[in-house]
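Quick notes on the structure that follows.
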Amino acid sequence: MTTFRSVNPARPDDVVGEYPTHGAADVDAAVARAAAAQRAWARRPAPARADVIAAAGRVIARDKEAFTALVSREAGKVLVEAGGDVQEAIDMADFVAGQGRAAWGATVPSELGDKLCWTTRQPVGVVGMITPWNFPIAIPSWKIFPALLAGNGVVIKPSEHAPACCAAFVAACVEAGVPADLVQVVHGFAEPAAALAVHPGVQAVSFTGSVPTGRKVAVAAMETGPRLLSLELGGKNAMVVRADADLDLAVDGAVFGAFGTSGQRCTSTSRLIVHPDVAGELVERIVKRSEQLRLGDPQEPGVDVGPVITGSSTDRIAGMVAAAVDEGATVATGGRPVTVDGCDGGAFFTPTVLTGVRPEHRIAREEVFGPVLAVLEVAGFDEALEVVNSVEYGLSAAVYTRDINAALRAVDGIDTGIVYVNAPTIGAEIPLPFGGTKHTGNGFREAGTRGIEQFSQVKTVYVDYSGRLQKAQIDTHPVGEGS
Ligand code: UN1
């Protein structure tokens, strides 16, 4: 079997691990194992399944430091953010485990006597998951814990840039008592992902990644389906700063939102939409702060910004900046790849602020997935909201203002799945639904209780204990007796 290497993006000579390049036959075997284990798992009561998920959370919490170091090494996140990624999975375990002892359905009064009606949930079977590298612990947890709670088996294909994180996460689950065959990991590139999406033994497919790949996964999954399909795709998230905003807060929010995780979150702030009255001062202060950020080895405490994921990402981001300049934007700071002492071959890109961007520019419409903030000036608040909504994506948005009326108009008028007031576009919490409108997804939401709904089927149950045939709609309003 051929293999591939996962490397540290800050120092590519540091090989994190070597993994098999799985193909379609390996996916077949993995699906068969997960399906066989799923039958016994689904027979366990939900609270018993929840206990195992809670235990998985405790294993991850016990090893939080090791997980954090691994996330930092393999995905290039600075330590504090790597810790947040791991904590998100611990929180998810707690939340999902609690759902094992919560209501799973509704009882509804029947229109007929001596009859009960209720809804419940049943597992779908095996869920195929395709996950990215940018939240290499959190995103698998968003998918795997709810899928397990709902009684499913799992086959997961993690990004080729984060196989070690996924393997460590699944090992923690197994240590906690998840049956060994129930969660299968397949490694590699497009082939195992494509095989998973069309596999007849996979009843649901959950994908987080880019729009173009998401479209391919969706088409493949439905051509051989239908099957449950959840897509979490990109974002082009905007922060609107009104002239009445607390500018200190807005500067903090913009810098963290745009350059946290080196701009590689689907929730990253990539557009700053601002009134000309405050644009000059705001941009100047953001530029100053960006230039003070310490770029470096993410495993070193105190480093603010780590690398992007690969050398080809730096090329792609540089290309997008160059195209923006061609279209008329100005580089206020950054805009280029950079080397870092002690990080030979590391893929670093300087935090970048572009001014003079217009809504029609590509840099204002396309996801960058890198540390680039495009500044757009608008004449008024209505225009700001129009510009926020002018892109194909609809994941996250933020508005900074001290005016409650303006804040609520923004909440109402912005067409995204998540809106923040006086907080950056990143930082969603796990008990709340996560996902977006338009091309960001297909309507599903992860996290929250919707996470469990995503991986189960509703069953509606009617029990008639009258001992006679009762007819809904007919017995209650017989024709001829007035209806
Ligand atoms: C992602 O980038 O795919 O809201 C997930 C946030 C994080 C999750 C981001 N809690 O920024």
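The values are calculated or read from the model by the stated rules, or taken from the named source; none is laboratory data. Just so you know, these numbers come straight off a predicted model, no measurement behind them. Positions of Cβ are backbone-derived with ideal geometry, glycine not excepted, and every protein chain shown enters the neighbour counts. Only protein heavy atoms, including side chains, enter the accessible area calculation; ligands, DNA and RNA are left aside. Shrake-Rupley method; radii C 1.70, N 1.55, O 1.52, S 1.80 Å.
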So how many residues does region 428-475 have that are among the hydroxyl-bearing types (Ser, Thr, Tyr) and open to solvent by less than 50 Å² (accessible area, probe 1.4 Å)? 4
I'd like the residue in region 431-463 that is within 12 Å of the ligand (Cβ to nearest atom) and part of a strand (DSSP E or B) and, out of all such residues, is farthest from the chain's Cα centre (by Cα). Gly441
Taking region 412-430 and keeping only residues that are assigned to a loop (DSSP other than H, G, I, E, B) and away from the ligand (no atom under 12 Å from the Cβ), one is left with Ile414, Asp415, Thr416, Asn422
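So that you can scan it fast, the table gives a plain yes or no per residue for (1) over 26 Å from the mean Cα position of the chain (by Cα); (2) more than 24 Å from Glu281 (Cα to Cα); (3) among the β-branched types (Val, Ile, Thr):
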| position | (1), (2), (3) |
| --- | --- |
| Phe349 | no, yes, no |
| Ile363 | no, no, yes |
| Glu377 | yes, no, no |
| Glu386 | no, no, no |
| Asp403 | yes, no, no |
| Val411 | no, yes, yes |
| Gly417 | no, yes, no |
| Tyr420 | no, no, no |
Just one of Pro146, Pro140, Pro136 is in a loop (DSSP other than H, G, I, E, B) and either under 17 Å from Ala56 (Cα atoms) or in contact with a Cys (Cβ under 7 Å, 6 or more places away or on another chain) (or both); which is it? Pro136
Exactly one of Arg358, Arg402, Arg362 is touching a Leu at 6+ places or on another chain (Cβ under 9 Å), open to solvent by 60 Å² or more (accessible area, probe 1.4 Å) and touching a residue at least 24 places away in the same chain (Cβ under 8 Å), and that one is Arg358
Looking for something more than 29 Å from Pro298 (Cβ to Cβ) and open to solvent by 50 Å² or more (accessible area, probe 1.4 Å) - is there at least one such residue anywhere in region 57-67? no
The one condition Pro371 fails out of (1) crowded, with 17+ Cβ neighbours inside 10 Å; (2) free of Cβ contacts under 8 Å to residues at least 12 places away in the same chain is (2)
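Mind listing just one residue for me: the one in region 102-137 that is away from the ligand (no atom under 14 Å from the Cβ), out of contact with any strand residue (DSSP E or B) (no Cβ under 8 Å at 6 or more places or on another chain) and at pLDDT 95 or above and, of those, least open to solvent (accessible area, probe 1.4 Å)?
Step one: filter region 102-137 for residues away from the ligand (no atom under 14 Å from the Cβ), giving 102-128.
Pick out the ones that are also out of contact with any strand residue (DSSP E or B) (no Cβ under 8 Å at 6 or more places or on another chain) and you get 102-103, 111, 113.
Subset that is at pLDDT 95 or above: 111, 113.
Details: Glu111: 102, Gly113: 43 Å².
If we take residues in region 102-137 being away from the ligand (no atom under 14 Å from the Cβ), out of contact with any strand residue (DSSP E or B) (no Cβ under 8 Å at 6 or more places or on another chain) and at pLDDT 95 or above, then Gly113 is least open to solvent (accessible area, probe 1.4 Å).
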Have a look at Pro140, Pro192, Pro146 and point out the one that is at pLDDT 95 or above and more than 27 Å from Glu429 (Cβ to Cβ). Pro192
So Ala318, is it assigned to a helix (DSSP H, G or I), touching a residue at least 40 places away in the same chain (Cβ under 8 Å) and farther than 14 Å from Ser270 by Cβ: no
Would region 234-241 turn up any residue that is touching a strand residue (DSSP E or B) at 6+ places or on another chain (Cβ under 6 Å) and basic (Lys, Arg)? yes
